[in-house]
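Working notes for the structure below.
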Amino acid sequence: MARLWLDSIGDELVDVVGESEAKVNRAYIEGLDANLDEKRAIVKQGWGQKYIDRVHEKGKLTSWERIELIADEGTEASPFGTLVNWGRDFSGSRRPAPGAGVVTAFVKIQDRWVVV
């Protein structure tokens, strides 16, 4: 997942809230990031290895394999809307994050950023 880093403006967090509070805030944010990364990994694995094997048996590629194939070398796709349905219950679905196999991402192809 691509991340956008911004230049800091204003005072350093430590100067505003103190070292101990800044440490607590950093730990909290790291926990949120880890939780988000875990959910993204669950969504990215799709319906699991059984599904991937079935797709490969048909001579096809998964959505992510196709995206990685068309992306410029050395660039990473940046998915968005990944967790839109997270936590919703859909009748007949046993997955925690049904996405119907839909992947939407920014990808650099032939030196241009496009949405696939």
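The values are calculated or read from the model by the stated rules, or taken from the named source; none is laboratory data. What you see is a predicted model, and the numbers here were worked out from it, not measured in a lab. Glycine also receives a Cβ, built like all others from the backbone with ideal geometry; neighbour counts cover every protein chain displayed. SASA here: full protein model, heavy atoms, side chains in, ligands and nucleic acids out. Shrake-Rupley method; radii C 1.70, N 1.55, O 1.52, S 1.80 Å.
State whether the residues of the stretch 69-90 include one that is within 12 Å of the chain's Cα centre (by Cα), at pLDDT 85 or above and part of a helix (DSSP H, G or I). Within the stretch 69-90, none of the residues are within 12 Å of the chain's Cα centre (by Cα), at pLDDT 85 or above and part of a helix (DSSP H, G or I).
The numbered conditions (1) open to solvent by 60 Å² or more (accessible area, probe 1.4 Å); (2) of a type outside the set (S, T, Y); (3) closer than 30 Å to Q110 by Cα are all true for I67 except (1).
The conditions of being open to solvent by 70 Å² or more (accessible area, probe 1.4 Å), closer than 27 Å to T104 by Cβ and under 22 Å from the mean Cα position of the chain (by Cα) are not met by L36. A single entry from K60, K50 fulfils the requirement of being part of a loop (DSSP other than H, G, I, E, B) and open to solvent by 100 Å² or more (accessible area, probe 1.4 Å): K60. With respect to the conditions (1) in contact with a helix residue (DSSP H, G or I) (Cβ under 8 Å, 6 or more places away or on another chain); (2) touching a residue at least 24 places away in the same chain (Cβ under 8 Å); (3) among the small types (G, A, S), S63 lacks only one, and its number is (1).
Against the definition (modelled with pLDDT of 80 or more, of a type in the set (V, I, T) and open to solvent by 100 Å² or more (accessible area, probe 1.4 Å)), how does V116 come out, yes or no? Break it down stepwise before answering.
On the way: modelled with pLDDT of 80 or more: yes; of a type in the set (V, I, T): yes; open to solvent by 100 Å² or more (accessible area, probe 1.4 Å): no.
No; evaluated as a whole, the condition is false for this residue.
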